[in-house]
Amino acid sequence: MDVDLYSEPLGNDTLGKPVYLKDIWPSAQEVNETCANRCGGDVQEGYSHATEGDAQWKSMPVPEGELFQWDGESTYVREAPYFDGMSKTPGELNRSPARSRSRCWVTR
């Protein structure tokens, strides 16, 4: 999708005039009024415990330990290769003469 929603119209109205996102986007006041009028206690109560999960979610096994247990067979989430061989403690700094002359370039 190669559209600039700020400057290009979404389409045209029934009179053929361009309609932009800013023309149909609700104001903060309209959003607040809609929520106040439509998001009553039933909706709030229904979603108040949504982050706790259902019985199936709560019954899932949870691995223990300080580090994530990567599944080498996973085709979905894999450990990034730049962790291979990384030590838990940092090594010594390279204080070669060339590095001691290095400076950071700051631009504005």
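The values are calculated or read from the model by the stated rules, or taken from the named source; none is laboratory data. Bear in mind the structure is a predicted one, so any value in this text is a computation, not a measurement. Cβ atoms come from the backbone with ideal geometry, glycine included; neighbour counts cover every protein chain shown.
Do you know which residues across segment 1-25 are part of a helix (DSSP H, G or I) and under 26 Å from the mean Cα position of the chain (by Cα)?
L21, K22, I24
Looking for something at pLDDT 85 or above, surrounded by 10 or more Cβ atoms within 10 Å (Cβ to Cβ), touching a helix residue (DSSP H, G or I) at 6+ places or on another chain (Cβ under 9 Å) and part of a loop (DSSP other than H, G, I, E, B) - is there at least one such residue anywhere in segment 26-47?
Restricting attention to segment 26-47, the residues satisfying the condition of being at pLDDT 85 or above are 26-34.
So of that shortlist, the ones also surrounded by 10 or more Cβ atoms within 10 Å (Cβ to Cβ) come out as 26, 30-34.
Narrowing further to those that are touching a helix residue (DSSP H, G or I) at 6+ places or on another chain (Cβ under 9 Å): 26.
Among the residues that remain, those that are also part of a loop (DSSP other than H, G, I, E, B) are: 26.
Yes: segment 26-47 contains one or more residues that are at pLDDT 85 or above, surrounded by 10 or more Cβ atoms within 10 Å (Cβ to Cβ), touching a helix residue (DSSP H, G or I) at 6+ places or on another chain (Cβ under 9 Å) and part of a loop (DSSP other than H, G, I, E, B).
Checking K88 against (1) in a loop (DSSP other than H, G, I, E, B); (2) at pLDDT 85 or above, which test does it fail?
Checking K88 against (1) in a loop (DSSP other than H, G, I, E, B); (2) at pLDDT 85 or above, the one that fails is (2).
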